[in-house]
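The values are calculated or read from the model by the stated rules, or taken from the named source; none is laboratory data. All of these numbers come straight from a predicted model, not from anything done at the bench. Positions of Cβ are generated from backbone atoms using ideal geometry, with glycine treated the same way; all protein chains shown enter the neighbour counts.
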Amino acid sequence: MIYLQLFFTFLKVGAFAFGGGYAMLSLIGDSVLSYGWMNETELLNFVGVETVIPGPIAVNMATYVGYVTGMKQGGIAQAILGAVTASFGLVLPSLIVILIVAAMLKRFKNSPLVQSAFYGLRPASTGLIAAAGMAAHLAGAIAANTTLPVIGIPCKGGMMDGLDALLATVQMPSGIPVATVAVNGGVNAALLAAQIIAVSEPELAAKLDAKRASDAATVLGKDAALQAELNK
């Protein structure tokens, strides 16, 4: 009976908790305490220790709770069974979803609609754009937690009118690169992201070339109009 409770409890957590391991902690904690598998002190002690243990926090938590609960039922065999049961219950919903998505993708991968959807999602998997004002280190904090290219946009604000945001974004230590555009330079950030994507997208590269030519023609036209006005 206890193993069914472990399985279905963590199955529920895996199926209905969104936002990653830390978002699951409260749901796991409530379930563990309500069943009396662990007390609050034991739970908090493990959460503290978990921060230095490799691996996903939710899976580690499920394994630990299952192990401790099984150990209270008998010996090491019951502890291992509890750990496996709880861990399997937690990952089963994700496994099912992945298998369904993989099967659908295999079936519909040549569909124009699916291809368009993946094309639209591509910028999110190619690079990240972060905008922050004053001395906020948003872009740097993001770059420290991903190997995707990060483009920082310093924003005007505060008594330094964007200079502090510019310095906070551009002065990153070696090893954590952040591509930084001008203060309030959202247009350049978008263009730079497009240029990164265009390295492997000839069609997008051609559109960028056309935009660059159009922008150059616009500037030359304004210059010609200004010269004509000055030479009157």
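Asn145 meets each of the listed conditions (1) closer than 28 Å to Leu208 by Cα; (2) loosely packed, with under 13 Cβ neighbours inside 10 Å; (3) modelled with pLDDT under 90 apart from (1).
Of everything listed in (1) touching a strand residue (DSSP E or B) at 6+ places or on another chain (Cβ under 8 Å); (2) of a type outside the set (S, T, N, Q); (3) within 13 Å of His137 (Cα to Cα), the single unmet condition for Leu148 is (3). Taking the numbered list (1) modelled with pLDDT under 85; (2) in contact with a Leu (Cβ under 6 Å, 6 or more places away or on another chain) in turn, Val183 passes all entries but (1). Tell me the residue from Ala132, Ala77 that is surrounded by 12 or more Cβ atoms within 10 Å (Cβ to Cβ), small (Gly, Ala, Ser) and either at pLDDT 85 or above or outside any helix (DSSP H, G or I) (or both), please. Just one listed residue meets the conditions, Ala132. Quick check on Ser174: is it farther than 19 Å from Thr146 by Cα, modelled with pLDDT under 90 and in a loop (DSSP other than H, G, I, E, B)? Considered against the rule, which asks whether it is farther than 19 Å from Thr146 by Cα, modelled with pLDDT under 90 and in a loop (DSSP other than H, G, I, E, B), Ser174 comes out as no.
Of the candidates Met71, Met61, the single residue that is surrounded by fewer than 17 Cβ atoms within 10 Å (Cβ to Cβ), at pLDDT 80 or above and in a helix (DSSP H, G or I) is Met71.
Summed over segment 1-10, the residues that are within 32 Å of the chain's Cα centre (by Cα) and crowded, with 18+ Cβ neighbours inside 10 Å give a count of 4.
The residue of segment 83-127 that is farthest from Gln195 (Cα to Cα), among those that are modelled with pLDDT of 80 or more and hydroxyl-bearing (Ser, Thr, Tyr), is Thr85.
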